[in-house]
């Protein structure tokens, strides 16, 4: 059976859910009216069945994961995902640079505030107190505008990459083994 990478991802999620739903008891409660050894044997059989199902589902999950990984590498998906991650990091850094606190005061305003501090009466301190300083960002409006334009370009590039990734995930396929198909059918996944 051949499935595209998008379907393979959905199958992997369903396998994980099926594994989580397995119940493998390790204890049994027995009343005085039951045969103790028989109750233990039945519970142990249920646990062994769950373990077999777990082994089969886990083997199928990692077989699919390996095949998806190889397909991601050969089709260029890993490269595209790396580029998307890089874009996310660049946008996060640039967002910091366009924060309102990063905008510098106009030179005239800065000079006026500093002059006001010089002529203002104050007590003599060894270090400048916070009210004896002027805080300003370091980027001009033009620089912030350029950062915003770069963010917009990066976001457009990311959308294009995500569209390419969607197409690659639908176009590229992997081949499931007969054992995997049987396991997935047994679990009701396919």
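The values are calculated or read from the model by the stated rules, or taken from the named source; none is laboratory data. Quick caveat, the model's predicted, so the values are computed rather than measured. Methodologically, a virtual Cβ is constructed for each residue, glycine included, from the backbone with ideal geometry; neighbour enumeration extends over all protein chains shown.
Conditions tested, residue by residue: (1) outside the structural domain of residue 169 (by TED's automatic domain parsing); (2) more than 30 Å from the chain's Cα centre (by Cα); (3) under 30 Å from residue 179 (Cβ atoms).
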| site | (1), (2), (3) |
| --- | --- |
| 33 | no, yes, no |
| 56 | no, no, yes |
| 62 | no, no, yes |
| 69 | no, no, yes |
| 75 | no, no, yes |
| 86 | no, no, no |
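Kindly list the number of the only condition in (1) within 30 Å of residue 17 (Cβ to Cβ); (2) in contact with a strand residue (DSSP E or B) (Cβ under 8 Å, 6 or more places away or on another chain) that fails for residue 182.
(2)
Tell me the residue from 66, 113, 90 that is out of contact with any strand residue (DSSP E or B) (no Cβ under 8 Å at 6 or more places or on another chain), surrounded by 14 or more Cβ atoms within 10 Å (Cβ to Cβ) and free of Cβ contacts under 8 Å to residues at least 24 places away in the same chain, please. If you could, list the steps in order and put the result at the bottom.
Details: 66 fails: surrounded by 14 or more Cβ atoms within 10 Å (Cβ to Cβ); 90 fails: free of Cβ contacts under 8 Å to residues at least 24 places away in the same chain.
After ruling out the rest, the residue left standing is 113.
Output the residues belonging to the range 162-187 that are free of Cβ contacts under 8 Å to residues at least 12 places away in the same chain and outside any helix (DSSP H, G or I).
Matches in the range 162-187: none.
Which pairs turn up if I take residues in the range 141-161 that are touching a residue at least 60 places away in the same chain (Cβ under 8 Å) and in the same structural domain as residue 86 (by TED's automatic domain parsing) and look for partners that are surrounded by 14 or more Cβ atoms within 10 Å (Cβ to Cβ) and not in a helix (DSSP H, G or I) with beta carbon separation below 9 Å, at least 6 apart in sequence or on another chain?
Cβ pairs passing all conditions: 151/98.
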